[in-house]
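The values are calculated or read from the model by the stated rules, or taken from the named source; none is laboratory data. If you're wondering where the values come from, they're calculated on a predicted model, not measured in any experiment. In this analysis, Cβ positions are derived from the backbone assuming ideal geometry, glycine residues included, and neighbour counts consider all displayed protein chains. The protein model used for the area step is the full one, side chains on, heavy atoms only, and it has no ligands, DNA or RNA in it. Shrake-Rupley method; radii C 1.70, N 1.55, O 1.52, S 1.80 Å.
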Amino acid sequence: MKIHRIRRCAMLVFSIVAVFSIALPATLSAQESSGASIAGIVTDSSGRVVEKAAIALRNQASRLVQHSVSDGQGHFTFTGLVAGRYDLIITAAGFRETTQANLKLSEGQAQNVPVQLMVGSLEQNVEVSAIAGDSIAAQQALSQNSLDSQVPLSVIGSKFIQNFTPTTTDYSEIVNIAPGTISYNSNGVGLGQGTIYFRGFIDGDFDITWDGIPEGDTNNFTHHSWSWFPGPWIGSVQFDRSPGTASTIGPATYGGSINLFSPDVPTEQSVQPEIAYGSFNTLLYDGKYSTGMLGPKKNIGLTLDIHRLTSDGFETENHIERTAGDIKVLYKPSDNTTITGYSGVVHLFSNAPNVSPYRAQVQAYGWNYMMQKNDPTSAFFQAYNLNTIPTDFEYIGVRSQLSHGWLVDVKPYTYSYNNAQYYPNDNPNDTTGLATGPNSSTGWITPANCSTVADGGTLIVAPYPGATPPPGETYSKLPCAIDKLNSYRKYGETSTVSQNSKYGVFRTGIWYEWSKSDRFQYPSDPLTHYDQPVPKFHENYWINSYNPFIEYEWHATSKLSITAGFKYAFYNFALQQFADDGSVVGALPNNAAYVNSERGFGSSLPSASANYRLTNNWSIYGDFGKGDEIPPSSLFDVAGGGAEVGTIGSPMLTTTYQGGTVAKYNRFTFDADVFRVKFQNNYIALAVANPNNPNYDLNEYYLGPDSTTLGFEAEANVSLGYGLNLYANGTVDKAQYVGSGVPSGLNVADTPSYTQDVALTYQGHGLDLGVIEKRVGSYYDDNGSYHNQAYVAPYNNVNLFLNYTIRKNRMFDNSKIQFSINNLFNSMNATDIFPANSPIPVGTSTYFATTPTSPLDQFNLTAGRSFTVTFKMGIFPNRNR
């Protein structure tokens, strides 16, 4: 009986297998003949999935188009496809349209096509849409963070730059809207060198990048807002107030990165002439031309901007002229490869002196005193103060999307800076700041006092005013001016290779840069411009910089992403210092013409951060990172100059811990963060302000104690309806020196106790109206190695903007009239104080001292009230067709 049952079961199994063996191949054959498929994941450039992207699949032969939408995980699928060639077109709000062309499908093939979208045209301001989503408040916010960000970040779009900054603006004015940031320009917005501080970081303690390329000086890695990247060139700004992740490159990730971006090349032809006139006889002409995309495949185009700026400046006789132009070319040899070429050239001339106004001059001659044109015997005679700065910046960027989610981004570049400056020194016997006449130091610069010309024999010139000559010798007449050069050329490359998968994004690459610098100061006669044969100092130096990095952004879940990485920052200095008059290296042994020195050092910089999306509209993040900064070149002097520091240790380092949150709702957007920053190996620079000091006009450096900054930052925008928005941000900081033996209560210089921004704006029906107030709390300035020696009182500034722009007028779209007032209430405030007197230690303390005020104290001050009227015409020829 059992055997019979077994036989029946066996026959049943055999019958089933036989049926399947016949039916299955037929079924599979039927599926293969009708069932090819294409699937993929849509992500942004950081690897985050993009929901609700519109996907179109077009059959090249039949021209039949099918449509789909990416789901909550960024997935899309097309099934039941016949063999052939297809084009995949993906669009999403805030991103460029992306095409995956000529996809070949064979019968039954299942092809996976990952898609990475790039942020759309900055010219059209859709970069805000990419981070704002459907939130009305976020779309109108002046500054905001992203829901996907893992660090404190402020994105400042073209809408703010074009409508709520003066036409003459530069990046120092633009970033002033970001939380915790203060900036000022004593000669007027865009009319001089802007100064930026945030979180206790001064200029030189943070990176500035242009289209992802670090830019900065070679001697102390500072920046010059008036000679690089004028306002008309800037499309948007991303201000990262952190050392960043491992892939963040540059010589000073110490404090953060101000990332400037040029506008994308528009797809439409246009001509946009512009003219602006304002206070201080300021005149700006600007012309922008875009070709649109040209060629049979519409795959090449360019945009060109040329402008000229002239102004007398707010400060008396502080004249400025700037002529500049940039060109950006876009070429797409294929749908997956983009080649971008860029060149920007600036020629700047100014009468800016090398000093700020004295305390006595401000009190006697007015808030805006700087120079005069009446007394040629004064060091403050305009014609003696000359500043000529040509700069250029070029790169070629190649970005190619490869198969299997791989992306290659390579950008070789070069740029140069050549600051040729000439300026007189004040009378060494001037103790009042006013001397004997109404024009500062009347009677000082005369042939009887100032000369470098010897009447035969050997010229022996005093190395500094009041110097004692060697036994048996006498000095010739004093040279009363300085012929100065700060020049460099850099070559570099940024290279990134990334791979995007369903698990996350892998990135690796390197930043490499080589630079050569030439710097000198020669004592000179301002009446003849004859230089002393022996320099005050003269040096050439070369810097090699390497930043290899590796990091992985793991998408642990659809809501959680974690990024961890490692970067090694290596730098090598090679200096060649020529014999001088004793100010730096002096005469060299065996009458050598120069002396060489070299130093290499590196830093290991790990980073880790995470972002968790609590809801679709609310996220939290945490960040840990180490940043570094190359020490100033003066620290490598063989003698003098930087000798105050003694033995040079490691590069300047920071360790940062931060956490924050971002929320974007329909009528309300909010982001906030708390942070703790530990500073190490902080080299403090002091520009010697006293003309009687042998090191006058040189920087002295001191190795300061460690310090810790604790702070809170927040910003919010509320859409009040009817086009009205209320934006506000605020910060509270506590930055103090710490360490063994360091007394508590010493505040880090240039760190305000608080900052506040409040703005009421209206945007609608072509009108853009705004009132923006900036408040800055009190802070201190140092005097060499002694801290808290000069007190800067709280101050505020109010700006007003009224604009009307023609919208949707076909040919003349985007034509505009703008009126702005800077410093509406004409508030007059000191922003920095540079003591002339030396500090007097309190007892035997190495930390406490008092510095008596002096008529020769120098002040940086806010510029007075100014207005600007701008007319801009938009011409779009093809819109009439």
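So residue 182 ticks every box in (1) over 26 Å from residue 766 (Cα atoms); (2) in a loop (DSSP other than H, G, I, E, B); (3) touching a helix residue (DSSP H, G or I) at 6+ places or on another chain (Cβ under 9 Å) but one. Which box is left unticked?
For residue 182, the exception is condition (2).
Return the total of residues in segment 818-829 being without any contact (Cβ under 8 Å) to a residue 40 or more places away in the chain and either closer than 16 Å to residue 363 by Cβ or open to solvent by 40 Å² or more (accessible area, probe 1.4 Å) (or both).
Summing the residues that are without any contact (Cβ under 8 Å) to a residue 40 or more places away in the chain and either closer than 16 Å to residue 363 by Cβ or open to solvent by 40 Å² or more (accessible area, probe 1.4 Å) (or both) in segment 818-829 gives 2.
Does segment 381-388 contain any residue that is surrounded by fewer than 17 Cβ atoms within 10 Å (Cβ to Cβ) and modelled with pLDDT of 95 or more?
Taking every residue of segment 381-388 in turn, at least one turns out to be surrounded by fewer than 17 Cβ atoms within 10 Å (Cβ to Cβ) and modelled with pLDDT of 95 or more.
Go through segment 41-88 and report how many residues are part of a strand (DSSP E or B) and either open to solvent by less than 50 Å² (accessible area, probe 1.4 Å) or in contact with a Gly (Cβ under 6 Å, 6 or more places away or on another chain) (or both).
Residues meeting the conditions: 18.
Pairs please, first residue from segment 160-176 and outside any loop (DSSP other than H, G, I, E, B), second anywhere and aromatic (Phe, Trp, Tyr), Cβ atoms under 6 Å, 6+ apart in sequence or on different chains.
175/239
Any idea which residue in segment 853-881 is nearest to residue 285 (Cα to Cα), counting only those that are of a type in the set (A, V, I, L, M) and open to solvent by less than 60 Å² (accessible area, probe 1.4 Å)?
The residue in question is 869.
Residues of segment 113-154 being modelled with pLDDT of 85 or more and either open to solvent by 20 Å² or more (accessible area, probe 1.4 Å) or within 19 Å of residue 553 (Cβ to Cβ) (or both), which ones?
Selection gives 136, 139, 140, 145, 146, 147, 148, 149, 150, 151, 152, 153.
Looking at 870, 846, can you tell me which residue is within 25 Å of residue 725 (Cβ to Cβ) and of a type in the set (S, T, N, Q)?
870
Report, ordered by the first and then the second residue, all pairs with beta carbons closer than 7 Å, sequence separation of six or more or different chains, a first member in segment 830-852 that is open to solvent by less than 80 Å² (accessible area, probe 1.4 Å), and a second member that is of a type in the set (Phe, Trp, Tyr) and at pLDDT 90 or above.
Note: pairs meeting the criteria are 830/859; 831/184; 833/859.
Between residues in segment 208-220 that are assigned to a loop (DSSP other than H, G, I, E, B) and residues that are of a type in the set (Gly, Ala, Ser), which pairs lie under 6 Å by C-beta distance while being six or more apart or on different chains?
211/262; 218/515; 218/517; 219/633; 220/204
Considering only residues that are closer than 22 Å to residue 652 by Cβ and either touching a Ser or Thr at 6+ places or on another chain (Cβ under 8 Å) or surrounded by fewer than 24 Cβ atoms within 10 Å (Cβ to Cβ) (or both), which ones fall in segment 192-204?
195, 196, 197, 198, 199, 200, 202, 203, 204
Would you be able to tell me the number of residues in segment 722-763 that are among the small types (Gly, Ala, Ser) and open to solvent by less than 20 Å² (accessible area, probe 1.4 Å)?
3
Being modelled with pLDDT under 95, open to solvent by less than 50 Å² (accessible area, probe 1.4 Å) and among the hydroxyl-bearing types (Ser, Thr, Tyr) is the filter here, so list the residues in segment 389-416 that pass it.
400
Any residue at all in segment 555-563 that's buried (at least 16 other Cβ atoms within 10 Å of the Cβ) and under 24 Å from the mean Cα position of the chain (by Cα)?
yes
Does residue 189 satisfy being surrounded by 23 or more Cβ atoms within 10 Å (Cβ to Cβ), of a type in the set (Val, Ile, Thr) and in a helix (DSSP H, G or I)?
Spelling it out, it is not the case that residue 189 is surrounded by 23 or more Cβ atoms within 10 Å (Cβ to Cβ), of a type in the set (Val, Ile, Thr) and in a helix (DSSP H, G or I).
For every residue, the table says whether it meets (1) touching an Asp or Glu at 6+ places or on another chain (Cβ under 7 Å); (2) within 30 Å of residue 50 (Cβ to Cβ); (3) not charged (D, E, K, R).
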position	(1), (2), (3)
560	no, yes, yes
569	yes, no, yes
579	no, no, yes
590	no, no, yes
597	no, no, yes
600	no, no, yes
606	no, yes, yes
612	no, yes, yes
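Can we say residue 573 is touching a helix residue (DSSP H, G or I) at 6+ places or on another chain (Cβ under 6 Å) and crowded, with 16+ Cβ neighbours inside 10 Å?
yes
Just to be sure I understand the filter: pairs with C-beta atoms under 6 Å, separated by 6 or more residues or on different chains, first member in segment 328-347 and closer than 26 Å to residue 228 by Cβ, second member charged (D, E, K, R). Which pairs pass?
Filtered contacts from segment 328-347: 338/332; 338/399; 342/328; 343/394; 344/326; 345/392.
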